[in-house]
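Here the structure comes first, spelled out in structure tokens, and everything after it is commentary.
The values are calculated or read from the model by the stated rules, or taken from the named source; none is laboratory data. Predicted model only: the values in this text are computed from it and were never measured. When the accessible area is computed, the model is the full protein with side chains, heavy atoms only, and any ligands, DNA or RNA have been set aside. Shrake-Rupley method; radii C 1.70, N 1.55, O 1.52, S 1.80 Å.
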Amino acid sequence: VKGEATATGLPPQSVGLVTVAQAFHWFPVQETMAELRRIVRRGGSVAAFWNIRAETPFMTAYEALLRDKSKDYEKVPRFEDTLVAILRSPHVSRVARKEFANSQTLDREGLHGRAWSSSYVAHGVVGDDARREFDAALDALFDRFAEDGRVTFQYRSLAGVVRFG
């Protein structure tokens with residue numbers, strides 16, 4: 001079924017669980033919550049998940065690289081604002097929230113793949129010179145922090161589960 005967050009095309013009260021991983025911050029929250037309330041059946045839930053970078057020396061340096069080299073990085077909606085908007089949505093009756101540790105270990109090629117898979121890098125590092133400069137800075141970051149040929153992205157994974165009243 002072709003649809004989007006604010007107009008899924010699904011019948012009313014037809015879904016027991018909606019999950020959104022690493023993307024809810026791109027949706028217009030109130031319109032999306034209205035659509036989810038429409039399609040989630042009584043007793044159903046909506047679960048949203050985010051990987052939030054932990055504060056480690058490597059992750060702090062990676063964040064600085066993104067702020068310095070990507071013109072789009074500061075434009076990305078932040079999960080915190082989205083979560084607050086979800087919690088303030090009308091008809092939300094119960095929220096459960098859980099955080100847990102998560103990590104992703106990457107070799108040099110994996111680090112480049114991970115970085116370039118982010119929209120704020122793919123669309124925010126523009127032009128051949130800027131791309132080469134970003135890759136060189138990423139290599140320098142890898143060389144500085146790698147242990148046994150790998151770096152680790154440490155995350156605080158956040159899961160939020162909402163029920164409607």
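For a straight C-alpha distance cut-off of 29 angstrom, the lysines reachable from K98 (same-chain residues fewer than eight places away being disregarded) are K75.
For F27, no residue whose modelled amide H falls within less than 5 Å of its own remains once neighbours fewer than 5 places apart on the same chain are excluded. For V92, the residues whose modelled amide H falls within less than 5 Å of its own, excluding neighbours fewer than 5 places apart on the same chain, are G165.
The amide H of Q13, built 1.01 Å from its N in the peptide plane, has I39, V40 as neighbours under 5 Å, considering only residues 5 or more places off or on other chains. Note on segment 5-48: with neighbouring protein chains present and a 1.4 Å probe, carbon and sulfur make up 57 percent of its accessible heavy-atom surface.
Rg/Rh for segment 1-79 (Cα atoms only, Rh after Kirkwood) is 1.12.
Computed over protein heavy atoms with a 1.4 angstrom probe, the accessible surface ordering of E109, E55, largest first, is E55, E109.
Calculated on the Cα set of segment 17-165, radius of gyration then Dmax: 18.0, 54 Å. Rolling a 1.4 Å probe over the heavy atoms of the protein chains gives the chain an accessible area of 58 Å² per residue. Within the listed set G44, G127, G110, the residue fluctuating most in the Gaussian network model of the chain (springs between alpha-carbon atoms under 10 angstrom) is G127. Rolling a 1.4 angstrom probe over segment 62-148 with all protein chains present gives an accessible area of which 48% lies on carbon and sulfur atoms.
Taking every C-alpha pair closer than 8 Å and separated by at least 6 residues, the mean separation divided by the residue count of the chain gives a relative contact order of 33 percent. Based on C-alpha pairs under 8 angstrom that are at least 6 apart in sequence, segment 67-165 has a relative contact order of 50 percent.
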